[in-house]
Amino acid sequence: MDHSRPPDRQEGPRSITIALAGQPNVGKSTVFNMLTGLNQHVGNWPGKTVEHRSGTFVRDGRQVHLVDLPGTYSLTANSEEERLARDFIIRQQPDVTIVIVNAAALERNLYLVAELLALPTPLVVGLNMIDVAEQAGLEVEPHVLSAALGIPVIPLVASCNEGLAELVRVSVDLVDHPTSSRPNRPTIREAHRPVLEDLQARIAGHVPAPYPEDWVALKLLEGDTQITDIMRQAAPSAWQAVHAVLASHEDAYLDIAGGRYEWIGRMVRAGVVRPRAGVVSVTDRIDRVATHPVWGVLLLLGAFGLVFGLTYGVAMPIVDWLQVSVLAPIIAGSRLALAPWPPWSSGLIADGLLAGAGTVVAFLPILVIFFAVLALLEDIGYLARGAYVMDRLMHPMGLHGKSFLPLFLGFGCNVPAILGTRIVDNRRAQRLTVFLVPLVPCSARMAVVTFLAPAFFGQAAGLVLWILVLINVTVMAIAGVIINRLAFRGEHSAFIMEMPLYHLPNLRTIGLDVWQNTSAFLRKAGTVILLAAAVTWALSQGPGGNAGLSPLARLGRSLEPVGAWMGLGDWRLLAALLSSIVAKENTIATLGILYEHENPALGLAERVAQSLTPPAAVALLVVQMLFVPCVASLAVMRKEAGTGWMLLSIGLSLVTSLAAGALVYQIGRVIMAA
Amino acid sequence: MDGIPHSQGGLTPLGSVPAGARAVIREVRGGRGFTARVLALGFTPGAEVTVMQNFGRGPVLVEVRQSRVALGRWESIKIIVEQLPEG
């Protein structure tokens, strides 16, 4: 139980705290982003792996503190998110709670409203996506719905900033005049009313401080595990009797959920002009293809093609231009500017920091475009369909469709992908997904092999790249199947996922998403990678400018016997691979430093290619693709899945990468000899 | 994946209802965690569902209470329904 993050009332009586609740896919983040803009803080709930977002804005000279609660379908203790959302309302007592509902799926969305109405918090409903609902032929009358619910209902089109000012005005108004709303609270079915009253009487006086007695009684009857535990400890004397009552009404939870939907039915009949039955919506038409086991998979492959085609087709020319026309002159200029200073300063800054970090930053266009295309596919509602058609392919690994989304995100960058595994609702499946993400080649791994492959294989480079990706995906599938069999014995996890309606993309949502992912990468590039480039440069300095006598060379040489199995007997290649643990892009940066003084007439990739036989070149790329994940990935892995999984990942990636490298090299040698 | 119960007195698992057909939920089986989740999504006894997509051993796509929900094959077998006649 966390008591942290008190609502900031320290700024005087004029500041208020608003909690923002809502089910998934209702545009809650859009509302949050529109209201707080860039004045937001993104972190974790204390001690939890659930994202916590809060922000502030000023309305009529009043500071408003907005807390974005996790998106949940209900408020039963089924998941961490649900516990956090209700604990915040009960313990932190926000001045008012806004619940965003999707007008196009009003019935299901009102379930959360029914649960919130049972809590002691003033409630305002933001009826979002009324435009989408109208397109689907649904017409909602906010005034009538408001009268039926007994609380304010404000129509919104959050993506167009319509209705948000009114939403805030009404919410602040409710804080000042709390008696103005008379909520119509859902009641339990007649059959269970005496039991509920009996329970409430038995626990009266035993319920710990901030919890309302009537709510606790209801949750006990619903079989809520957290509340059951709390009451067992808080009221040991009354517990036996309470437990006996509960044991004889074990199926009451079915009736309670059913009763909520009956109440919802009454609200919907009042507030909604029903659509004509049998309307085939745009979503239905698209889904006939998008969720089909054959056409859906083909469409998904097409989407893959689009993502990678756009990413590399658009980004690569920009990357080339950045490297040749921007980075090279800057490095040359800095050498010139540093000429009056001792030679090591020019070496450190031009050859170390600028060459290393600059190359990394030049990968930025790849990331920006990848994240943008992915955010677009997610925003229009397509990615959920990708998860749907991939579901049956994920089962042999003990995973289901939801794990596909973070794995796909891994092609951009593993770090947000590992954080994204939080959408996998089963703890075991989530950990396995975390473990498998680093086997998805991120854009940095891909950039390294894309950079080297043309010099190694000429025209065949494209084919080699596809084979490399295929090897990674195959290793991932095999690892998943084995771990599922060994560690989880094929245990099953439930796949339940909402498929949102397709809708037009919102540029602000996509932009913010790209910005958050990209800035996270830039922070990494600005700190860890910069430092690593400087350290690598320093370690590669030998006496008298002889890199062959440097500490890095000694480390690389000590590993040469291992490298020799893979045809990588050159310490410089091993040093480059080792430095990729700091960041995958470092392979290129390190090679750049170590091959600096080789044949200046050739590009870096050609210089490396000269020293390798074809089998060794393939082995180098295979090892690069499967090698130990970068430190940033390892750090988030440890946070999300624990130290054990992180160590297992390091060990397994070390073994598989070296084994695969050796295998490829030895096979290649046999073929070459034949 | 075996032992899929077949039609018993008009009752059948949701997973065996063909695409395009409608059905009324009669029972939700399975553990408390699973039932609580699907109940919240609107799969309550008496609720009407329309099966949108149902192929082989893959997941099932249904419409329930105005929203579309994908259920894994296993999950779709835990929900017992009564199929409604065409039209």
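The values are calculated or read from the model by the stated rules, or taken from the named source; none is laboratory data. A quick note: this is a predicted structure, and the numbers were derived from the prediction, not measured. All Cβ positions, even for glycine, are placed from backbone atoms using ideal geometry, and neighbour counts span all protein chains on display. All accessible areas refer to the heavy atoms of the entire protein, side chains included, with ligands and DNA or RNA removed. Shrake-Rupley method; radii C 1.70, N 1.55, O 1.52, S 1.80 Å.
Buried accessible surface for the A/B pair, both sides summed and rounded to the nearest 100, is 3100 Å² with a 1.4 Å probe.
Each listed q (0.10, 0.11 Å⁻¹) maps to a log10 I(q)/I(0) for the protein assembly as shown, found by the Debye formula over equal Cα scatterers with no solvent: -1.06, -1.22. Here the range A:16-180 is assigned +1 on the Cβ of each Lys and Arg and -1 on the Cβ of each Asp and Glu. Its dipole about the Cα centre then comes out at about 480 debye. Of the peptides A:605-617, A:390-402, A:33-45, the ranking by mean beta-carbon count within 10 Å, highest at the top, reads A:390-402, A:605-617, A:33-45.
Let's see if you can work this out: charge +1 on each Lys and Arg Cβ, -1 on each Asp and Glu Cβ, no other charges. What is the dipole magnitude of the protein assembly as shown about its Cα centre, in debye to the nearest 20?
Details: 59 positive and 58 negative charges, 236 e Å.
Taking the Cα centre of the protein assembly as shown as origin, the dipole is about 1140 debye.
Return the equivalent ellipsoid semi-axes of the range A:190-273 as a descending list in whole Å, where each equals the square root of 5 times an eigenvalue of the C-alpha gyration tensor.
Details: eigenvalues 150, 37, 22 Å².
After scaling each eigenvalue by five and taking roots: 27, 14, 10 Å.
Per atom type, the range A:16-180 shows carbon and sulfur on 48% of its accessible surface, probed at 1.4 Å.
Report, as an integer, the average count of C-beta atoms from other chains found within 10 Å of each Cβ along B:51-58.
Values: counts 0, 6, 10, 0, 6, 2, 3, 12.
Mean shielding by partner chains, rounded to a whole number: 5.
For chain B, the equivalent ellipsoid derived from the alpha-carbon gyration tensor has semi-axes of 16, 15, 13 Å in decreasing order. When the charge dipole of chain A is built from unit charges on Cβ atoms (+1 for Lys and Arg, -1 for Asp and Glu) and taken about the Cα centre, the candidate among A:A118, A:F370, A:W344 whose Cα reaches farthest toward its positive end is A:W344.
Taking the longest Cα principal axis of chain A as reference, the axis of helix A:383-394 is set at about 70 degrees.
Return the carbon/sulfur percentage of the accessible area of the range A:450-530, one whole number, probe 1.4 Å, all protein chains in place.
Working: 3030 of 4300 Å².
Its accessible area is 71 percent carbon and sulfur atoms.
Cα centroid separation, the range A:235-312 to the range A:605-621: 53 Å. A Cα-only calculation for the range A:320-426 places Rg and Dmax at 21.2, 65 Å. For the set A:D87, A:D214, A:D60, the ranking by accessible area, highest first and with no ligand, DNA or RNA atoms included, is A:D60, A:D214, A:D87 under a 1.4 Å probe.
Rolling a 1.4 angstrom probe over the protein heavy atoms with all chains in place gives the range B:13-53 an accessible area of 32 Å² per residue.
Can you tell me how much longer the chain between A:Q459 and A:H41 gets when fully stretched, taken as 0.36 nm per residue apart minus their C-alpha distance, in nm with one decimal? Write out the running numbers ahead of the final one.
Numbers: separation 418, 0.36 × 418 = 150.48 nm, distance 4.83 nm.
Length gained, A:Q459 through A:H41: 145.6 nm.
Surface composition of the range A:190-273: carbon plus sulfur atoms hold 52% of the accessible area, using a 1.4 angstrom probe and ignoring ligands, DNA and RNA.
I need to check one value: relative contact order of chain A, counting alpha carbon pairs closer than 8 Å and at least 6 residues apart, in percent. Walk me through the intermediate numbers first.
Details: 977 pairs, mean separation 63.6, N = 674.
Across chain A, relative contact order equals 9 percent.
Rounded, prolate or oblate: which fits the range A:118-169, taking a ≥ b ≥ c as square roots of the Cα gyration tensor eigenvalues, rounded meaning a/c under 1.5, else prolate when a/b beats b/c?
Details: a/c = 2.32, a/b = 1.38, b/c = 1.68.
Verdict is oblate for the range A:118-169.
Neighbours of A:V31, meaning other residues whose beta-carbon lies under 14 angstrom from its beta-carbon, give a summed charge of 0 when Lys and Arg score +1 and Asp and Glu score -1.
Tell me whether the range A:126-201 comes out rounded, prolate or oblate; compute the Cα gyration tensor, take square roots of the eigenvalues as a ≥ b ≥ c, and use a/c under 1.5 as the rounded threshold. Judged from the Cα gyration tensor, the range A:126-201 comes out oblate (a/c at least 1.5, b/c at or above a/b). Taking GluC sites (Glu not before Pro) across the range A:211-306, the ones in a DSSP loop with at most 14 further Cβ atoms lying within 10 angstrom of their Cβ are A:E250. Just to compare against my own numbers: the Cα pair-distance distribution for the range A:16-180, 5 Å bins, whole % per bin, please. The distribution over the range A:16-180 is 2, 9, 19, 24, 22, 15, 7, 2, 0, given as percents. What is the range A:408-556 by shape, rounded, prolate or oblate, if you read a ≥ b ≥ c off the alpha carbon gyration tensor as root eigenvalues and call it rounded for a/c under 1.5, prolate for a/b larger than b/c, and oblate otherwise? Because a/c hits 1.5 or more and a/b exceeds b/c, the range A:408-556 counts as prolate. Accessible surface for the range A:405-508, divided over its residues, is 40 Å² per residue with a 1.4 Å probe. If the chain linking A:A659 and A:N599 were pulled fully straight, counting 0.36 nm for each residue of separation and taking away their Cα-Cα distance, it would gain 18.4 nm.
Please work out the average accessible area per residue across the range A:539-605, using the 1.4 Å probe convention, and give it in Å².
Numbers: 2740 Å² over 67 residues.
Computed with neighbouring chains in place, this is 41 Å² per residue.
With both labels modelled 7 Å from their Cα along Cα-to-Cβ, the A:R193 to A:A238 distance reads 2.2 nm.
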